[in-house]
Amino acid sequence: QVQVVESGGGLVQPGGSLRLSCAASGSLFTIYAMGWYRQAPGKQRKLVARITSGGSTNYADSVKGRFTVSGDNAKNTVYLQMNSLKPDDTAVYYCNVDLGVGVIWGQGTQVTVSS
């Protein structure tokens with residue numbers, strides 16, 4: 001069984017920074033990629049940033065230049081450094097682990113950007 005645990009969400013003022021962490025553990029076979037998605041109230045869940053086991057990354061246009069995704073393959077961990085946060089970044093952020101044969105989701109962590 002695979003467990004995915006996220007941490008690092010919270011309340012931050014506009015222009016501030018937060019760092020999210022996600023660690024996968026359990027009966028892991030091969031992790032092809034890990035990433036972050038977010039879902040705001042009343043909206044669909046969308047990709048924020050993703051990193052493959054080879055280090056390739058892709059980002060949503062709305063976060064390019066502000067967010068940075070990184071990973072530690074040895075620890076099965078992915079990070080999301082979020083800078084210059086805006087109120088529109090407010091959402092529940094979900095970690096996604098792509099095993100190739102399926103994906104595992106974390107429970108989500110709330111990020112609120114407000115003054």
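Tell me, yes or no, whether the range 97-113 has at least one residue that is touching a strand residue (DSSP E or B) at 6+ places or on another chain (Cβ under 6 Å), outside any strand (DSSP E or B) and either open to solvent by less than 30 Å² (accessible area, probe 1.4 Å) or free of Cβ contacts under 8 Å to residues at least 12 places away in the same chain (or both). Looking for residues that are touching a strand residue (DSSP E or B) at 6+ places or on another chain (Cβ under 6 Å), outside any strand (DSSP E or B) and either open to solvent by less than 30 Å² (accessible area, probe 1.4 Å) or free of Cβ contacts under 8 Å to residues at least 12 places away in the same chain (or both), one finds at least one in the range 97-113, hence yes.
Restricting the search to the range 1-25, which residues are open to solvent by less than 50 Å² (accessible area, probe 1.4 Å) and either assigned to a strand (DSSP E or B) or in contact with a Lys or Arg (Cβ under 7 Å, 6 or more places away or on another chain) (or both)? Step through it out loud before you land on a result.
Within the range 1-25, the first condition is being open to solvent by less than 50 Å² (accessible area, probe 1.4 Å), and the residues that meet it are 2, 4, 6, 8-10, 12, 16, 18, 20-24.
Residues satisfying the conditions are Val2, Val4, Glu6, Gly8, Gly10, Val12, Leu18, Leu20, Ser21, Cys22, Ala23, Ala24.
The values are calculated or read from the model by the stated rules, or taken from the named source; none is laboratory data. On a predicted model such as this, the values are computed, not experimentally measured, just so you know. Every residue, glycine among them, receives a Cβ derived from its backbone with ideal geometry; neighbour counts consider all protein chains shown. Protein only, heavy atoms only, side chains kept; ligands, DNA and RNA dropped before computing areas. Shrake-Rupley method; radii C 1.70, N 1.55, O 1.52, S 1.80 Å.
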